[in-house]
1. If you take the residues in region 21-48 that are closer than 19 Å to LEU66 by Cβ and in a loop (DSSP other than H, G, I, E, B), which one is most open to solvent (accessible area, probe 1.4 Å)?
Amino acid sequence: MEMRETLARNLRKYRRAQRLSQEELGHRAELDRTYISSIERCVYSATVDVVGRLADALGIPALELLRPASEIAVTKSSATSAEGASTKAQVKKGAKPARKSERPAQRAARRKPGP
């Protein structure tokens, strides 16, 4: 895999993990949102300075944006198995997740009154 593809994949992964839009990331890194999109689609390659600005905006070391997926899988495999067990224990069986865009008062108003 080329370095440009690695950067594109990791940039998208970290941006989505933090639930940032391309526009918000661009604002934080002082880059245009179309440039972020172009990097994620491998249309443009980024300079070292741009990689640094993106990493700073995401709050991660620049190396994480350039690390190949094979290295990430090896370093995180033991942490993932421990996390998965605790996450599954926290999920209630049959419970529907709350809508992320709603506030608690909106969810309460949406519920139907009991008999």
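The values are calculated or read from the model by the stated rules, or taken from the named source; none is laboratory data. Computed from a predicted structure; not experimentally measured. Quick reminder, even Gly has a Cβ in these numbers, built from the backbone with ideal geometry, and neighbours come from all protein chains shown. These accessible areas exclude ligands, DNA and RNA; they are computed on the full protein's heavy atoms, side chains included. Shrake-Rupley method; radii C 1.70, N 1.55, O 1.52, S 1.80 Å.
1. Here the residue is ARG41.
Yes/no matrix, rows are residues, columns are (1) out of contact with any Asp or Glu (no Cβ under 7 Å at 6 or more places or on another chain); (2) over 19 Å from GLU2 (Cα atoms); (3) of a type in the set (Lys, Arg):
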site	(1), (2), (3)
LYS13	yes, no, yes
ARG16	yes, yes, yes
LEU20	yes, yes, no
LEU25	yes, yes, no
ASP32	yes, yes, no
CYS42	no, no, no
SER45	yes, no, no
VAL51	yes, no, no
